[in-house]
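One structure below.
The values are calculated or read from the model by the stated rules, or taken from the named source; none is laboratory data. Keep in mind the model is a prediction, meaning the values are calculated, not measured. For neighbour counting, all protein chains shown are included, and Cβ atoms are generated from backbone atoms with ideal geometry for every residue, glycine included. Ligands, DNA and RNA are excluded from the accessible area calculation, which covers all protein heavy atoms including side chains. Shrake-Rupley method; radii C 1.70, N 1.55, O 1.52, S 1.80 Å.
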Amino acid sequence: MKDIAEDLGVSLMTVSKALRNHSDISHKTRERVLQRMRELNYQPDWIARSMVTRKTYLVGLVLPDLMHSFFAEIAKGVARKLDPLGYQVVISNTEEDGEVEQRHIDVLLTRKVDGLIIASAQRDGKVFDMLATRKIPYVLMDRSITGVDANFVGVKDEEIGALATEHLIKQGCRRIAHLRGPALATGAGRLKGYRKALAKHGIEAQSSYVVSAQYGDNTGYEATRELLKLNPPPDGIFGYNDPVAAGAVKAVLEAGLRVPEDIAIIGAGNVHYSDLLRVPLSTIDQSSTVIGETTAQLLSELMETKIPLEPRHIFIPPRLVVRESSERKKQG
């Protein structure tokens with residue numbers, strides 16, 4: 001590093017910042033340093049560096065389902081924010097299993113990550129008590145945990161449920177079903193918002209119209225097939241996320257019914273393919289990339305500070321996106 005600094009007439013600190021892709025130096029200077037590194041075939045000794053700085057510049061990103069593009073888009077936002085700061089993101093997929101999540105967090109801690117971003121499948125706060133005891137900076141994302149007062153970035157799930165249900169009511173739906181999510185903050189909050197919206201408009205919330213559909217399009221498909229056996233069947237369906245709602249669309253069309261004329265359908269998440277489905281899917285946009293970027297920014301502040309900070313809760317406003325799956329044409 002000293003040789004590179006002397007060759008280029010820059011400080012040792014500038015070379016260090018170029019290695020970490022730090023934003024304090026210009027793009028031109030960074031490229032000069034990196035080009036000289038390549039010429040000298042220089043490889044940084046990250047282990048030695050971490051022994052000096054007591055930092056690994058690794059961040060653990062713990063996600064429940066990498067096949068769900070909502071979380072893939074969040075990961076993109078996290079990397080986009082942390083990469084210029086010199087951090088590398090290590091992604092862990094837990095398959096919505098709390099025990100797997102705990103094991104993966106333990107492994108990440110053995111790798112001495114500087115911080116963690118977690119979309120958790122935990123039912124209690126034991127893991128987070130351990131992180132607090134070990135003073136590991138972490139941010140909960142998308143899912144809050146009851147009884148855990150931690151830094152959090154996400155959307156208010158009750159607002160998502162209310163916004164989606166209100167939209168179906170405005171389209172003339174009165175027998176509105178809900179394909180509910182897992183017994184986590186996301187599932188419970190969206191169910192609560194759904195019920196509140198129905199009560200606001202004097203519509204009875206029938207238990208037979210609430211069916212579990214926890215993990216994706218297949219569960220949404222099977223749950224909707226059960227709903228279609230009811231007499232009368234629903235005239236509107238709110239799926240707790242877009243994959244579940246996409247499964248509902250498939251089931252309704254296979255039954256020879258029309259979307260949205262017979263059954264209007266809306267999801268949540270606004271995943272990247274929602275407008276490319278056979279019937280473009282109405283949804284609640286959660287600004288997934290913004291959630292990722294905001295979470296990463298908050299974690300970077302926690303990792304850099306020397307003073308303990310009070311937990312912050314940052315909520316991204318949800319936004320209704322109306323497409324063909326729910327928009328009924330006005331008569332007359």
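For the condition under 30 Å from G77 (Cα atoms) and under 25 Å from the mean Cα position of the chain (by Cα), A162 qualifies.
Looking only at residues of region 132-168 that are among the hydroxyl-bearing types (S, T, Y) and out of contact with any strand residue (DSSP E or B) (no Cβ under 8 Å at 6 or more places or on another chain), we find that the one that is surrounded by the fewest Cβ atoms within 10 Å (Cβ to Cβ) is T133. Is it fair to say F315 is in contact with a Leu (Cβ under 8 Å, 6 or more places away or on another chain) and among the aromatic types (F, W, Y)? Criteria not met by F315.
Any idea how many residues of region 108-148 are in a loop (DSSP other than H, G, I, E, B), of a type in the set (V, I, T) and closer than 21 Å to L309 by Cβ? Walk me through how you get there before you give the answer.
Step one: filter region 108-148 for residues in a loop (DSSP other than H, G, I, E, B), giving 111-114, 119-125, 134-137, 142-148.
Next, from what is left, pick out any that are of a type in the set (V, I, T): 113, 136, 145-146, 148.
Those left that are additionally closer than 21 Å to L309 by Cβ: 113, 136, 145, 148.
Result for region 108-148: 4.
Residue under question is A246, and the condition is that it be farther than 19 Å from E327 by Cα and open to solvent by less than 70 Å² (accessible area, probe 1.4 Å); does it hold? Steps first, please.
Values: farther than 19 Å from E327 by Cα: no; open to solvent by less than 70 Å² (accessible area, probe 1.4 Å): yes.
In short, no.
Set side by side, the residues E261, E293 differ, and just one is open to solvent by 20 Å² or more (accessible area, probe 1.4 Å) and either basic (K, R) or closer than 30 Å to I136 by Cα (or both), which is E293.
Given the criteria without any contact (Cβ under 8 Å) to a residue 12 or more places away in the chain and farther than 23 Å from I316 by Cα, does T94 qualify?
Values: without any contact (Cβ under 8 Å) to a residue 12 or more places away in the chain: no; farther than 23 Å from I316 by Cα: yes.
When the stated conditions are applied, T94 does not pass them.
Considering region 228-243 alone, what residues qualify as being within 19 Å of R195 (Cα to Cα) and surrounded by 24 or more Cβ atoms within 10 Å (Cβ to Cβ)? The answer is P234, G236, I237, F238, G239, Y240, N241.
When residues of region 1-21 are filtered for being under 23 Å from S300 (Cβ atoms) and either open to solvent by 40 Å² or more (accessible area, probe 1.4 Å) or at pLDDT 85 or above (or both), how many remain? Let's see the steps before the verdict.
The first filter runs over region 1-21 and keeps only residues under 23 Å from S300 (Cβ atoms), leaving 13-21.
From what's left, either open to solvent by 40 Å² or more (accessible area, probe 1.4 Å) or at pLDDT 85 or above (or both): 13-14, 17, 21.
Number of matching residues: 4.
Pairs are defined by a Cβ separation below 7 Å, a sequence spacing of at least 6 or placement on different chains, a first member in region 303-323 that is closer than 13 Å to D149 by Cβ, and a second member that is of a type in the set (A, V, I, L, M, F, W, C) and open to solvent by less than 100 Å² (accessible area, probe 1.4 Å); the pairs so defined are L309/L302; P311/A150; R312/L298; H313/F152. For region 249-258, the set of residues classified as out of contact with any Ser or Thr (no Cβ under 7 Å at 6 or more places or on another chain) and buried (at least 24 other Cβ atoms within 10 Å of the Cβ) is empty.
Farther than 30 Å from G86 by Cβ and under 22 Å from the mean Cα position of the chain (by Cα): does that describe S288? For S288, the condition - farther than 30 Å from G86 by Cβ and under 22 Å from the mean Cα position of the chain (by Cα) - is not met.
Is it the case, given these coordinates, that S69 is within 20 Å of the chain's Cα centre (by Cα), at pLDDT below 90 and of a type in the set (S, T, N, Q)?
Working: within 20 Å of the chain's Cα centre (by Cα): yes; at pLDDT below 90: yes; of a type in the set (S, T, N, Q): yes.
So S69 passes the test.
Considering region 155-264, the qualifying helices (runs of 4 or more DSSP H), each wholly inside and each with 2 or more residues that are touching a helix residue (DSSP H, G or I) at 6+ places or on another chain (Cβ under 9 Å) and in contact (Cβ under 8 Å) with a residue 60 or more places away in the chain, run over 157-170, 242-254.
Out of region 118-131, which residues are out of contact with any Lys or Arg (no Cβ under 7 Å at 6 or more places or on another chain) and either open to solvent by less than 10 Å² (accessible area, probe 1.4 Å) or of a type in the set (D, E) (or both)? I118, A121, D124, V127, F128, D129, L131, listed by residue number. Selection of region 76-109 for residues being more than 23 Å from D124 (Cα to Cα), surrounded by fewer than 20 Cβ atoms within 10 Å (Cβ to Cβ) and among the small types (G, A, S) yields A79, G86.
Hey, any hits in region 49-59 for a residue that's at pLDDT 90 or above and not polar (S, T, N, Q)? Yes, the conditions are met somewhere in region 49-59. Could you check region 55-75 and list, in sequence order, the residues that are open to solvent by less than 30 Å² (accessible area, probe 1.4 Å), of a type in the set (A, V, I, L, M, F, W, C) and either without any contact (Cβ under 8 Å) to a residue 60 or more places away in the chain or over 17 Å from L108 (Cα atoms) (or both)? Listed by number, the residues that qualify are L61, V62, L63, F70, F71, I74. Hey, any hits in region 265-282 for a residue that's surrounded by fewer than 15 Cβ atoms within 10 Å (Cβ to Cβ) and more than 30 Å from V89 (Cβ to Cβ)? Looking for residues that are surrounded by fewer than 15 Cβ atoms within 10 Å (Cβ to Cβ) and more than 30 Å from V89 (Cβ to Cβ), one finds at least one in region 265-282, hence yes.
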